[in-house]
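> Structure provided below as structure tokens; questions to follow.
Computed from the coordinates by the stated procedures, all read-outs in this text should not be read as laboratory data. Since this is a predicted model, take the numbers as computed values, not measurements. Positions of Cβ are backbone-derived with ideal geometry, glycine not excepted, and every protein chain shown enters the neighbour counts.
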Amino acid sequence: MPPQALITRPRDDAQGIAQALEERAFTVLIEPLLDIVIRHGISLPRDGVQGFLATSANGVRALAANLDDRALPLWAVGDATARQARAMGFARVESAGGDVEALAALVAARLDPGHGALLHAAGSKLAGDLAGRLGRSGFEVRRAVLYEARTATVFSSRLIAALDAQSLDLALFFSPRTAATFVTLAEAAGRGEACRTIVAYALSPAVEAQLARLAWRHLRVATRPDQEALLAAIDQDRNE
């Protein structure tokens, strides 16, 4: 049987990595541990704004749902977020290729705080202190809460069956929140021990720290916080 991979991202975000894994001959089980609910009809404070900040692809989707004029530049946390922005019609997009700290550093190097505020397309919960980091560089960051990420409360029957059958070879985790949710739900379902046969791949050390609460077959961390590095880690392990 082909190896099976578990993807824990929201369903819209999971499609790209699912396709990449299927091209590597994996079967894929998508178990969204976050449900993204976009808020519509938000009046965005755009007077005096010189550009947008996006720290996730979900932020881009939510921004596009509330915005017709996409001419202002958009600064994206990473390449996947930047690709989503270009696909949704934002003409001027630049990627920091990393995390919130990398985005803050890029914006501080490229922009003049005197030219206007920055509008952050954000969720109801934040990862990192982007506004604080840029505020120390003199920027005004206006946070627009455009979506809510609701965590799952139970595992699906499909995931429970896969854990019981020990059919999962690897599992991918992209955020500390989804990693923590998985650990909590696995323990609540009495399936923590089932993870001993699974190789877990974490996007960052912060994700790894949450996953370390369970005993895995192996726990790997991407060398950079992006999808390409996570896939590279999987490829390296398969070739060893």
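> Enumerate the calculated ³J(HN,Hα) couplings along segment 224-240 in order (Karplus 6.51 cos²θ - 1.76 cosθ + 1.60, θ = phi - 60°), each rounded to whole Hz, writing x wherever the residue is Gly or Pro.
9, x, 8, 4, 4, 5, 5, 5, 4, 5, 5, 4, 4, 5, 6, 8, 7
> Along its three principal axes, how long is segment 100-240 when you only count alpha carbons? Whole Å, largest extent first please.
59, 36, 21
> Roughly how tilted is helix 176-188, in degrees to the nearest 10 and between 0 and 90, from the longest Cα axis of the chain?
30
> Next question, about the same structure. Based on the Cβ-Cβ distance from Ala127 to Arg196, what FRET efficiency comes out when R0 is 45 Å, to the nearest 0.05?
Working from the Cβ atoms, E equals 0.95.
> Cα atoms only, segment 37-150: Rg and Dmax in Å?
12.5, 37
> In what sequence, highest mean first, do 141-147, 88-94 appear when ranked by Cβ atoms within 10 angstrom?
For the peptides 141-147, 88-94, the packing ranking is 141-147, 88-94.
> Test of understanding: extend the Cα→C-beta vector of Ala25 to 7 Å, then name every residue of segment 157-188 with backbone N under 18 Å from that spot.
168-170
> Continuing with this model, one more query. Suppose the chain between Arg83 and Ser156 were pulled fully straight at 0.36 nm per residue; how much longer would it get relative to their current alpha carbon spacing? The partial results should precede the final answer.
Working: separation 73, 0.36 × 73 = 26.28 nm, distance 3.03 nm.
Gain in length upon complete extension: 23.3 nm.
> Let me understand segment 65-107 better: what is its radius of gyration from the alpha carbons, and its Dmax, in angstrom?
10.3, 29
> Distance in nm between label sites at Asp47 and Arg11, each 7 Å beyond Cα in the beta-carbon direction?
The two pseudo-label positions are separated by 4.1 nm.
> If you scale each eigenvalue of the Cα gyration tensor by 5 and take the root, what three semi-axes come out for segment 29-100, rounded to whole angstrom and sorted largest first?
The equivalent ellipsoid of segment 29-100 has semi-axes of 21, 16, 10 Å.
> So, counting K/R as plus one and D/E as minus one, what does the shell of residues with Cβ under 13 Å around Ala109 add up to? Could you put the intermediate results ahead of the total?
Values: positive: Arg110, Arg133; negative: Glu94, Glu101, Asp112.
So the surrounding residues net to -1.
> Rank-order 149-159, 218-228 by packing density, defined as the average count of other C-beta atoms within 10 Å over each peptide's residues, highest first.
Values: 149-159: 14.4, 218-228: 18.0.
Result, highest mean Cβ count within 10 Å first: 218-228, 149-159.
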